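Student: Please see the structure below; I have some questions.
The values are calculated or read from the model by the stated rules, or taken from the named source; none is laboratory data. It should be emphasised that the depicted structure is a prediction, and the values quoted were computed from it without experimental measurement. All Cβ positions, glycine included, derive from the backbone under ideal geometry; neighbour counts span all protein chains shown. These accessible areas exclude ligands, DNA and RNA; they are computed on the full protein's heavy atoms, side chains included. Shrake-Rupley method; radii C 1.70, N 1.55, O 1.52, S 1.80 Å.
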Amino acid sequence: MKSNFIIKWETVICVPNYDDQGKPCSMIVENGQLIKVDMKPRDLINENLLYYGSSLQGATDGASRILGNTYINPVAISEKQNIYWLPSKSPASDDCVWFALHHIVKLRAFGKAQTEVQLIGGHKIVIDSSFYTLTKREMRAYTLKGKIERRSEKPAEIVREEQNCYYISKPKGKVNYELKKQDEDL
C-alpha cells in the first residue's frame, strides 16, 4: 500500500476502502492498475489540491463562487492539466467516491437510488446516488471547467482612464499612511 499518491491525467477514480485492520484508505484506478493508498479519499483529494497549489476547502469555496451557492461542488485538481474531479456525495462522507470528469463515459440509472457509472477503459461502478443527482453533479463539473477555461483564455481587458495619482507616505510616529494627490504640494 502506498502512503502517498499524485493524481494525474490518467487517474480514473478514487474509491473508499478499508484495510485489513479496518483503517480507511483509498483504491485508485490508473492505467488499468488498482493502487491502494493509505489515506481516506477526502484526505487524498486534499493532499493533491495542496500539491497543485490549493486545498479542498479553497477549491470548493472557489467552485461555489464560480457556480453560485451550490452543494457538493466539483473541484479543479489542476486547471493547467485540465483535471477536474467530482464527488458522488458529500466529501465528508466515508463512502464518497471521486471521479475524474474526463474519464466518465456514461451514466445509467440503476434502480431508483443508484447509478452505474461507465468509465474509460471499460471500468464500471454502481454507486448510491440517483441518476438525476449524479447527472446534475457531472453537469456542474462541466460548467466549472468551462467557466474556468473561459476566464483563463484571455486576460480581462484593462481600461486605462485618466486617474488621480497619489503619493503615499507614513509620517514618523504616526499609525496611518497619508495619501496626497501628486499634483498637490507635498
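Student: Which numbered condition in (1) over 11 Å from the mean Cα position of the chain (by Cα); (2) not in a strand (DSSP E or B) is the only one that residue 17 fails?
Tutor: Result: residue 17 fails condition (2) only.
Student: Mind counting the residues in the stretch 162-183 that are open to solvent by 100 Å² or more (accessible area, probe 1.4 Å) and part of a loop (DSSP other than H, G, I, E, B)?
Tutor: 10
Student: Can you go through 134, 101 and tell me which one is under 19 Å from residue 5 (Cα atoms) and modelled with pLDDT of 95 or more?
Tutor: Values: 134 fails: under 19 Å from residue 5 (Cα atoms).
Exactly one residue qualifies, and that residue is 101.
Student: Which of the numbered conditions does residue 6 fail, given that it passes all the others? Conditions: (1) part of a helix (DSSP H, G or I); (2) open to solvent by 30 Å² or more (accessible area, probe 1.4 Å); (3) among the β-branched types (Val, Ile, Thr).
Tutor: In the conditions (1) part of a helix (DSSP H, G or I); (2) open to solvent by 30 Å² or more (accessible area, probe 1.4 Å); (3) among the β-branched types (Val, Ile, Thr), residue 6 misses (1) alone.
Student: In the stretch 93-116, which residues are closer than 16 Å to residue 15 by Cα, open to solvent by less than 70 Å² (accessible area, probe 1.4 Å) and touching a residue at least 40 places away in the same chain (Cβ under 8 Å)?
Tutor: If the condition is that a residue be closer than 16 Å to residue 15 by Cα, open to solvent by less than 70 Å² (accessible area, probe 1.4 Å) and touching a residue at least 40 places away in the same chain (Cβ under 8 Å), then 96, 97, 98, 99, 100, 101, 103 are the ones that fit.
Student: Determine the pairs where a residue that is over 16 Å from residue 68 (Cβ atoms), located within the stretch 136-152, has a partner that is charged (D, E, K, R) and modelled with pLDDT under 95 with Cβ atoms under 8 Å apart, the partner being 6 or more residues away or on another chain.
Tutor: Listed by first residue and then by second, the contacts come to 152/79.
Student: In this structure, does residue 122 turn out to be modelled with pLDDT under 90 and either in a loop (DSSP other than H, G, I, E, B) or surrounded by 12 or more Cβ atoms within 10 Å (Cβ to Cβ) (or both)?
Tutor: no
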